[in-house]
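J.: Would you mind keeping the following structure in view while I ask a few things?
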Amino acid sequence: MVPNIVHIKDQKEKTANVFIVSDIKSLSDFGFSKEETDYIEQKKNDKKSLVVIPGIAASRFVKVIETTEPSNKEKEELRVDGYNIWQTLKKEKQENVTIYDIAGSGTSTLVLAEGLVLASYSFDKYKTDKEDDSRLKDVFVASSETGIDDCTRLQKLCEAVFITRDLVNEPVNKLNVENLSKRVRELADKFGFSADIYSKSKIESLKMGGLLAVNRGSQDPPAFMVLEWSPEEARNETPIVLVGKGVVFDTGGINLKTPPGSLDDMKADMGGAASVIGTMVALASNKVPYKVIGLIPATDNRPGFNAYVPGDIITMFNGKTVEVINTDAEGRMILADALSYADKYKPELVIDLATLTGSAMVAIGQYGTVVMGTAEDKQFEEMEEAADSVHERVVRFPFWSDYDELIKSDIADIKNLGPREAGAITAGKFLSNFTTRPWIHMDIAGPAFVHKEDKYRGSGGTGVGVRLLYELISNRTNS
Ligand code: BES
Ligand code: ZN
Ligand code: ZN
């Protein structure tokens, strides 16, 4: 459960307290002694702007800020402060916290709350002994510069991130394609977007050759999910289409993943799908007036008896032919059909999210998302701006036509794998054959799933993409 973020006017009893100040002296009105304010002053000079004052019942936290309009770097520091506060609250078994915005900075208050709430996530549903687990229940926000609406919006966004993380963290024996479809229907009903889930026979009649090829080694039928958030008051006519890779487990198929450890995280190979679902939840629950479609091709990739094999030539949904070089390059096969299907909406922009290549992870690690595509520069800039604002950073890779040569096939239109070099880019180039619209490809193989706790991103599924896409889309409704 996501903690409540509650806007309050009057002081709450019995919570841990966080004070955001610009003038340290103002803390004397809140019961701080001269000794304490001197201590905070000294810490501030040491460049430690989050100060913890240990107490008998509970610690107090003081964050000193320089400006009421924080830069992106300062916002990220505030989120990390939120994470650090949660570490202490957990130790002290505090479930409730109040943030006093004495400095009068609504943005600082909200981003600190965001870091705190996101840090409090844990995936413990399969632990039978939850005794030691601490939960954050309520975050009270006392600020004249932000109101109930902002708090509710933030809470709903955090809930969407939690939903995404849960989906990624569920293993395939608990979340196969059928369970995922069920979950999507429930979320659609609960949050008010629509979900149309195509069965295998419909996928066959549509001739989605890529999705069907990958599914051939599986015991479970595939699904193709069409999610739609189409509010009456939408500001746009031509939608944004989001496409998410929904490989519920990637064994590699007949080209079985053999390097030690390479199978370990492959339950997270539906991270792109989970982020698309989470974004739809965030948009619908906050009633963002913007029309957005989500498309999810879903299957597992397994080496069953009838599995597709290297050498196969597959006719895709858009009629192009693909020579299969490696069955472990399955993500691009299923995304290709979804991208071509997206054309029918004549979208202004298509964005796909996929844990697509080890190559993207090798290139930049877990610290950001590799992006590329055919969208206009200004569309990439819009994405970069949103990405920096929420600290889900993106880096644009080259997309020169030279790379197209690397995936030409002698016997089909293209092949599904190029040489080792530029592996993330040739995967993107493969996808470019299947869309005619302005398009941005986001390879989230690095940041979607992390092993060690990474501040407020936690460990396991991070939910990367949800806050970025929510920011990008809701920014469009602000003018
Ligand atoms: N799901 C993987 C990519 C991946 C790897 C995601 C590691 C997250 C962590 C994808 O389907 C894949 O197997 N890609 C291969 C392509 C290829 C060389 C056959 C890869 O990138 O290694
Ligand atoms: Zn694979
Ligand atoms: Zn994969």
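The values are calculated or read from the model by the stated rules, or taken from the named source; none is laboratory data. Because the structure is a prediction, the values reported are computed rather than measured. Glycine gets a Cβ as well: all are built from the backbone with ideal geometry, and neighbour counts include every protein chain shown. Protein only, heavy atoms only, side chains kept; ligands, DNA and RNA dropped before computing areas. Shrake-Rupley method; radii C 1.70, N 1.55, O 1.52, S 1.80 Å.
J.: Work out the FRET efficiency for VAL395 and GLU35 from their Cβ-Cβ distance, taking R0 = 35 Å, and round it to the nearest 0.05.
T.: So the FRET efficiency works out to roughly 0.15.
J.: Does the range 158-478 come out rounded, prolate or oblate by the C-alpha gyration tensor, with a ≥ b ≥ c the root eigenvalues, rounded set by a/c under 1.5 and, if not, prolate when a/b is larger than b/c and oblate if not?
T.: Rounded, since a/c falls under 1.5.
J.: How big is the charge dipole of the chain about its Cα centre, in debye rounded to the nearest 20, if each Lys and Arg gets +1 on its Cβ and each Asp and Glu gets -1 on its Cβ?
T.: Dipole magnitude for the chain comes out near 780 debye.
J.: Here is a follow-up. Against the longest alpha carbon principal axis of the chain, how many degrees, from 0 to 90 and to the nearest 10, is the axis of helix 177-191 turned?
T.: Roughly 50 degrees between the two axes.
J.: Give the calculated FRET efficiency between VAL309 and GLU385 to the nearest 0.05, with a Förster radius of 51 Å applied to their Cβ-Cβ distance.
T.: Taking R0 as 51 Å, the efficiency between VAL309 and GLU385 is 0.70.
J.: Hey, another quick one. Accessible area per residue for the chain in Å², computed with a 1.4 Å probe and the full protein assembly in place, what is it? Could you put the intermediate results ahead of the total?
T.: Values: 20580 Å² over 479 residues.
Solvent-accessible surface per residue comes out at 43 Å².
J.: Ok, one more. Once phi is turned into ³J(HN,Hα) by the Karplus curve 6.51 cos²θ - 1.76 cosθ + 1.60 with θ = phi - 60°, what whole-Hz value does each residue of the range 330-338 show in order, with x for glycine and proline?
T.: 8, x, 5, 5, 7, 5, 4, 5, 5
J.: Run down the lysines and flag those whose C-alpha is under 21 Å from the C-alpha of LYS75, throwing out any fewer than 8 positions away in its chain.
T.: LYS43, LYS44, LYS47, LYS48, LYS63, LYS156, LYS455
J.: Something else now. Counting only protein heavy atoms, what percent of the accessible surface of the range 36-102 is carbon or sulfur at a 1.4 Å probe?
T.: 48 percent
J.: Taking the Cβ-Cβ separation of SER26 and LYS257 as r and a Förster radius of 41 Å, what is the calculated FRET efficiency to the nearest 0.05?
T.: Once the sixth-power term is evaluated, E becomes 0.10.
J.: What value, in deg cm²/dmol to 500, does the helix sum -39500 (n - 2.57) over DSSP H runs of n ≥ 4 give at 222 nm once divided by the residues of the chain?
T.: Result for the chain: -11000 deg cm²/dmol, rounded to the nearest 500.
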